[in-house]
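The values are calculated or read from the model by the stated rules, or taken from the named source; none is laboratory data. Just so you know, these numbers come straight off a predicted model, no measurement behind them. Cβ coordinates were reconstructed from backbone atoms using ideal geometry, including for glycine residues, and neighbour counts include every protein chain displayed. Only protein heavy atoms, including side chains, enter the accessible area calculation; ligands, DNA and RNA are left aside. Shrake-Rupley method; radii C 1.70, N 1.55, O 1.52, S 1.80 Å.
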Amino acid sequence: MTASPNLNAARPATPAAQHPAGSKYRPEVQGLRALAVLMVVTYHIWFGRVSGGVDVFLLISSFLLTFSFTRKIENGIPLRLGKYWLHLFKRLLPAVVVTLLGVLAATYLFIPPSRWSEILGQSWASLFYYQNWVLAFNSVDYYAADHSQASPLQHFWSLSVQGQVFILWPLLFAVSALLAKLLRARFRFVVLAVFGAVFLGSLAFSVVETYTNQTFAYFDTRARLWEFALGTLLALALPYLRLPVMLRVLMGWLGLVAMLSGGFVLDVQGEFPGYVALWPTLAAGFIIIAGQTGSRFGADRLLSWQPLVRMGDISYALYLWHWPILITYLIYRDRTEVGIVGGSGIIALALVLAYLTTRFIERPIRESQWAEKKRRRAGLVIAICIALVVVPVAGWQSQLRAYANELQKMASINNPGARVLTNEFEGKVPDAEILPAGADMSDEFVTLPGKCQEVPYTPDSSALKEKCMDNEAPTDPDKTIVVVGDSHAQQWLGPISEVADQRGWKVVGLFLGGCDYGAEFHWRDDTCNEFNAEATKYIQKLNPDDVIVVATNAKEDTPLDEPVPGLVSAAQTLADSGINVVGIRDNPRFPWHRIQCIEKYGPEASECNPPREEVLTKDAPFEVFAQNAPKMQLMDLTDLICRPDTCGAVIGNVYVYIDDNHLTATYLQTMLPAFSERFVRALDEP
């Protein structure tokens, strides 16, 4: 996890207690790494929470990297950044590649085909260090208690952030050295100013983005730079800190207790990363400042314990292996959590694989003198590592794509989907493969290609600006439509944009995950209420012809759906502005993943085809809108989603749902003829 080889250097002869800042070998830091990874592993496996251990890793990596670069610059040693990066990724990639190959094998053997496309796509992101951005733009919930729906490569987000920083940090050191030379200033003063600015700027950005868009902020490199900068500032300041032994003893234990307890006492889910991440990073900073105290009561005695230090040696590989094993276990066993026995088995297997990976893969390649002698040899090692993943991933994806294309050729005949529920359908549904195919699963949630230009740049509308999209319609469209709400509103973009494109209409989408549209309501969080308020202001300013919303909230544990709270008031506000509002009834929701149900039980199984009255009542609860927002138009499309007697996971050889509550874009496309007729009528009726 770090960029410095110093952790594996020989112990210096001079006692570390006398030189807490200058020692190359810091056994307590290695023990700190071990505790951090154990926190990550145990919190993931048994508590379903974020521990803060990753934040400790980020700080340690920059702390050690800083020592390496400041020593070089101050001793007049050329940085040779190209050689440094080759050495670094030659060291990091082998363990990554072994893990990715293990995940690919486990995916083929134990994970349902519906998940293959996602995992293959994330293999590229993990290999090339941009996984964090994939998760950020997909708005993945890293805090979700049910890990069984997570990707086995999701944990690569932190390694991606580190990889990006390992490119950026040496460049900042080089710039600092150049500035110091040009300004004839002390290097440490300049580098302190540069990384101090990074710390303050990134922390401020992190606090703001965490408040406005926390899920994105969690994976955003920009919101994490301050944690690395803090490690750098700590390394720069450490030589000048001369604290009494007893104070360092106190700091060591205070830091250790704070680090271990942070995941339980903090509202990590509601406030991370932001300023709350100062808790684990400052706790780790206290431990590092305490250093080797030489006291029998110091926390460093625990952290320097040899088994813990040895655990630190394999911490990188242990982090790599624990998450894929956990997720594969949950998926294969169809569980949402593990017990003591299962969790202990996962940890034991992860430890064995981590040891083998470190002992027989990472360490031999890292210490290879052959590869170190010439840059092209290090480059060759990196190229081979990349090829070992690229070849199977590209080949597998190519096969899936070819299979999907073959199925699409006959889709109009073999996969009628929702058309079988209409009076126009005649004949029998053929015996054919179900669509969408695995290669198309990642395309089953529709977005719009354009970014809105009319949203003003103000602090209140920043989240709105980020979430606004449009279909890049002509400058003077015949009609402008706004679709606003959560993901259940967004899923209707497919057929809505199809109708709009055919008629030259403009479509604008305003979406915030988990935030249904309506006037302010007490159970919505502040971010949602603020987003809805800004959305209403924007809609009134834009003055579209129509606004499309989801009018009800369906539940997974009852057939009763309810009107969206506050929607009556919001709809009436828009109607008073002369804007037509169309409300669509929510689709049924289920307590289990619909495609995985088919893969486990088969398309005809009763588990996957519950009676319709058990998941949604016959009549939509539209009375409140008819009485209080009489101009609002309402659409109940349940008859195009469910059969008269059941709500199946497959209709007309098409998967109806992509998960447990969102309709597939493929199924919505088959709904288009019937949807188009009703939709246009709803827009024209006012």
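Details
- Look at (1) outside any helix (DSSP H, G or I); (2) surrounded by 18 or more Cβ atoms within 10 Å (Cβ to Cβ); (3) aromatic (Phe, Trp, Tyr) and you find that residue 425 fails only one, number (2).
- Qualifying residue in the stretch 291-304 (condition: in a helix (DSSP H, G or I) and in contact with a Ser or Thr (Cβ under 7 Å, 6 or more places away or on another chain)): yes
- Within the stretch 403-419, the residues that satisfy the criterion of being in contact (Cβ under 8 Å) with a residue 40 or more places away in the chain, open to solvent by less than 30 Å² (accessible area, probe 1.4 Å) and at negative phi are 415, 416, 418.
- Answer from 251, 259 - the residue that is in contact (Cβ under 8 Å) with a residue 40 or more places away in the chain and in contact with a helix residue (DSSP H, G or I) (Cβ under 7 Å, 6 or more places away or on another chain): 259
- Residue 526 being without any contact (Cβ under 8 Å) to a residue 12 or more places away in the chain and open to solvent by 40 Å² or more (accessible area, probe 1.4 Å): yes
- Condition check for residue 570 on (1) open to solvent by less than 50 Å² (accessible area, probe 1.4 Å); (2) outside any helix (DSSP H, G or I): one failure, at (2).
- Taking the listed residues 499, 549, the one that is touching a Leu at 6+ places or on another chain (Cβ under 9 Å) and in a strand (DSSP E or B) is 549, with no other qualifying.
- Within the stretch 584-596, being within 29 Å of the chain's Cα centre (by Cα) and in a loop (DSSP other than H, G, I, E, B) holds for 586, 587, 588, 589, 590, 591, 592, 593.
- Residues that are in a strand (DSSP E or B), in contact with a Gly (Cβ under 6 Å, 6 or more places away or on another chain) and among the aliphatic types (A, V, I, L, M) occur in the stretch 480-490; there is at least one.
- Any hit, the stretch 120-143, residues being open to solvent by 10 Å² or more (accessible area, probe 1.4 Å), charged (D, E, K, R) and farther than 26 Å from residue 281 by Cα: no
- Of the helices (runs of 4 or more DSSP H) lying entirely inside the stretch 307-382, those containing at least 1 residues that are within 13 Å of residue 41 (Cβ to Cβ) and modelled with pLDDT of 95 or more are 315-333, 340-357.
- For the stretch 363-385, the set of residues classified as closer than 23 Å to residue 319 by Cβ and surrounded by 16 or more Cβ atoms within 10 Å (Cβ to Cβ) consists of 363, 365, 366, 381, 382, 385, listed by residue number.
- Residue 599 among the charged types (D, E, K, R), in contact (Cβ under 8 Å) with a residue 12 or more places away in the chain, closer than 27 Å to residue 115 by Cβ and assigned to a helix (DSSP H, G or I): yes
- In the stretch 659-686, the residues that are over 14 Å from residue 495 (Cβ atoms) and touching a residue at least 24 places away in the same chain (Cβ under 8 Å) reach residues that are of a type outside the set (Ser, Thr, Tyr) and in a strand (DSSP E or B) with C-beta atoms within less than 8 angstrom, at least six apart or across chains, in these pairs: 685/633; 686/580; 686/633.
- Residue in the stretch 54-65 that is modelled with pLDDT under 90 and surrounded by 24 or more Cβ atoms within 10 Å (Cβ to Cβ) present: no
- Residue 114 vs. criteria among the hydroxyl-bearing types (Ser, Thr, Tyr), in contact with a strand residue (DSSP E or B) (Cβ under 9 Å, 6 or more places away or on another chain) and open to solvent by 10 Å² or more (accessible area, probe 1.4 Å): yes
The rows are residues; the columns are (1) open to solvent by 30 Å² or more (accessible area, probe 1.4 Å); (2) under 20 Å from residue 221 (Cα atoms); (3) at pLDDT below 95; (4) not aliphatic (A, V, I, L, M).
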| site | (1), (2), (3), (4) |
| --- | --- |
| 148 | no, no, yes, yes |
| 159 | no, yes, no, no |
| 164 | yes, yes, no, yes |
| 173 | no, yes, no, yes |
| 179 | yes, no, no, no |
| 188 | yes, no, yes, yes |
| 195 | no, yes, no, yes |
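- When the residues of the stretch 274-294 are filtered to those that are modelled with pLDDT under 95 and among the β-branched types (Val, Ile, Thr), the one that is farthest from residue 27 (Cα to Cα) is 276.
- Search result, residues across the stretch 434-451 that are modelled with pLDDT under 85 and either out of contact with any Leu (no Cβ under 8 Å at 6 or more places or on another chain) or within 30 Å of residue 537 (Cα to Cα) (or both): 441, 442, 443, 445
- Every pair of residues 6+ apart whose Cβ atoms lie under 7 Å, when the first sits in the stretch 207-225 and is over 18 Å from residue 52 (Cα atoms) and open to solvent by 10 Å² or more (accessible area, probe 1.4 Å) while the second is part of a helix (DSSP H, G or I) and not small (Gly, Ala, Ser): 209/216; 212/527; 213/466
- For the stretch 70-96, a residue qualifies if it is free of Cβ contacts under 8 Å to residues at least 24 places away in the same chain and either in a helix (DSSP H, G or I) or of a type outside the set (D, E, K, R) (or both), and the qualifying residues are 71, 72, 75, 76, 77, 78.
- Among the residues of the stretch 343-362, those identified as open to solvent by less than 80 Å² (accessible area, probe 1.4 Å), of a type outside the set (Val, Ile, Thr) and out of contact with any Lys or Arg (no Cβ under 8 Å at 6 or more places or on another chain) are 343, 344, 345, 348, 350, 351, 353, 354, 356.
- Candidate set: the stretch 619-664, residues that are in contact with a helix residue (DSSP H, G or I) (Cβ under 8 Å, 6 or more places away or on another chain) and charged (D, E, K, R); chosen: the one surrounded by the fewest Cβ atoms within 10 Å (Cβ to Cβ): 645
- Residues of the stretch 499-523 classified as surrounded by fewer than 22 Cβ atoms within 10 Å (Cβ to Cβ), among the charged types (D, E, K, R) and farther than 21 Å from residue 675 by Cα, total: 1
- Checking residue 593 against (1) open to solvent by 10 Å² or more (accessible area, probe 1.4 Å); (2) closer than 19 Å to residue 678 by Cβ, the condition it does not meet: (2)
- Matching entry among 564, 581 (being closer than 30 Å to residue 505 by Cα, buried (at least 19 other Cβ atoms within 10 Å of the Cβ) and either of a type in the set (Lys, Arg) or more than 30 Å from the chain's Cα centre (by Cα) (or both)): 581
- Any hit, the stretch 470-479, residues being surrounded by 15 or more Cβ atoms within 10 Å (Cβ to Cβ), in contact (Cβ under 8 Å) with a residue 60 or more places away in the chain and hydrophobic (A, V, I, L, M, F, W, C): no
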